[in-house]
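*Asks:* Submitted below is the structure of interest, expressed as structure tokens.
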Amino acid sequence: MRYLDLLTALFATVLLVSNVASTKLVVLGPFTFDGGTLLFPLAYIFGDVLTEVYGYKRSRRVIWTGFFALLLATLTFQAVAALPAPPDAESQRLGEAFGLLLGLTPRIVLGSLTAYFLGEFANAYVLAKLKVRTEGRFFWLRALASTLVGQGLDTGVFLLVAFYGVFPSEVLLAVFLSNYAFKLGVEALMLPFTYAVVGFLKRAEGMDVYDRDTDFNPFRLT
């Protein structure tokens, strides 16, 4: 498995960068979404590649690696934001800016971690099960179907946990639809690239795992 460590590192990097970028809402044409949405769909593409080539068990370990990396980054940002800055005006100004940007509220932290956990494991589970059902055919269908489920859970759970009662319901619905449509669009546009990466890895690693007798318990790491 020459490339699994590289894919794990890239996966964790995408998670951390997109989580920081999510602190800003942006408008792009008809879409309104958090900034992390520009990069976060890649996490699900990585998830598809990992499960398709290496199987659910190895994908599960990568998901947990990303979870703990995200948890560590979030707790560190919270701790730094809570610590006092030096008394000079410039340090105070920078400290306030850091707190506004990265001193995430407990609801956002809980929403982010819960949504990531549910979405990523749902994505891996659906893709692995469909691979066995389709006998390895129709990867495009499996990738899109797993993303439909995973991204739907991820986006919906995060918005409900983090922002329900903070923003009006119509705003949350607009953000959900924009995020969901954008993420699915990225997945569809990236399919040729995903096909190429999957094909390369299967040849290079000599692997093409089918999860016929896999224990899908997300908490079993051995």
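The values are calculated or read from the model by the stated rules, or taken from the named source; none is laboratory data. Remember, predicted model here, so these are calculated numbers, not experimental data. Quick reminder, even Gly has a Cβ in these numbers, built from the backbone with ideal geometry, and neighbours come from all protein chains shown. The area values use the complete protein model at the heavy-atom level, side chains included, leaving out ligands, DNA and RNA. Shrake-Rupley method; radii C 1.70, N 1.55, O 1.52, S 1.80 Å.
*Asks:* Could you calculate the contour length gain from LEU6 to PHE167, that is, 0.36 nm times the residue separation minus the distance between their Cα atoms, to one decimal place in nm?
*Replies:* 54.1 nm
*Asks:* Using a cut-off of 13 Å between beta-carbons, work out the net charge of the residues near PHE40 (Lys and Arg +1, Asp and Glu -1, PHE40 not included).
*Replies:* -3
*Asks:* Shifting gears a bit: Hey, can you grab everything whose amide H is under 5 Å from the amide H of ASP34? Only 5+ residues off in sequence or another chain; H modelled, so Pro and N-termini drop out.
*Replies:* Residues meeting the amide H criterion: VAL26.
*Asks:* Local charge sum around GLY111 (other residues, Cβ-Cβ under 14 Å, Lys/Arg +1, Asp/Glu -1)?
*Replies:* Combined, the nearby Lys, Arg, Asp and Glu give -1.
*Asks:* State which stretch of the chain is the longest one without any exposed trypsin sites (Lys or Arg not before Pro), exposure meaning a DSSP loop state and at most 15 other Cβ atoms within 10 Å.
*Replies:* 25-136
*Asks:* Another question about this same structure. Grab the other residues whose beta carbon is less than 11 angstrom from that of ALA162, score K and R as +1, D and E as -1, and report the net. Walk me through the numbers before you get to the answer.
*Replies:* Values: positive: ARG107; negative: ASP34.
That sum, taken over residues with Cβ under 11 Å, equals 0.
*Asks:* I'd like the distance separating the alpha-carbon centroids of segment 169-222 and segment 96-129, in whole Å.
*Replies:* One Cα centre to the other: 16 Å.
*Asks:* With a Förster radius of 22 Å, plug the Cβ-Cβ distance of MET207 and ARG133 into 1/(1 + (r/R0)^6) and report the FRET value to the nearest 0.05.
*Replies:* For R0 = 22 Å, the calculated efficiency reads 0.65.
*Asks:* How much of the accessible area of segment 116-217, in percent, comes from carbon and sulfur atoms when a 1.4 Å probe is used? Each step should come with its number before you reach the end.
*Replies:* Working: 3530 of 5130 Å².
Answer for segment 116-217 is 69 percent, counting heavy atoms of protein chains only.
*Asks:* Ordered by residue, what ³J(HN,Hα) values in Hz, to whole numbers, does segment 190-206 give under the Karplus form 6.51 cos²θ - 1.76 cosθ + 1.60, where θ = phi - 60° and Gly and Pro are x?
*Replies:* Going residue by residue, I get 8, 4, x, 5, 4, 4, 5, 5, 4, x, 4, 5, 4, 6, 5, 8, x Hz, with x marking Gly and Pro.
*Asks:* Keeping all protein chains in position, work out how much accessible area ASP5 exposes to a 1.4 Å probe, and write it in Å² to the nearest 10.
*Replies:* 110
*Asks:* Further question: Mind ranking ILE63, ILE108 by accessible surface for me, highest first, 1.4 Å probe? Provide the component values of the computation, followed by the final result.
*Replies:* Details: ILE63 5, ILE108 40 Å².
Ranked from most to least accessible, the order is ILE108, ILE63.
*Asks:* Could you do me a favour and compute the accessible area per residue for the chain, 1.4 Å probe, result in Å²?
*Replies:* Per-residue value: 52 Å².
*Asks:* Could you give me the percent of Cα pairs per 5 Å distance bin for segment 155-222, shortest bin first, beginning at zero and ending with the bin that holds the maximum distance?
*Replies:* It works out to 3, 13, 13, 11, 12, 17, 14, 10, 6, 2, 0, in whole percents.
*Asks:* What's the FRET efficiency of ALA174 with ALA21 using the Cβ-Cβ distance as r and R₀ = 30 Å, to the nearest 0.05?
*Replies:* That gives a FRET efficiency of 0.95.
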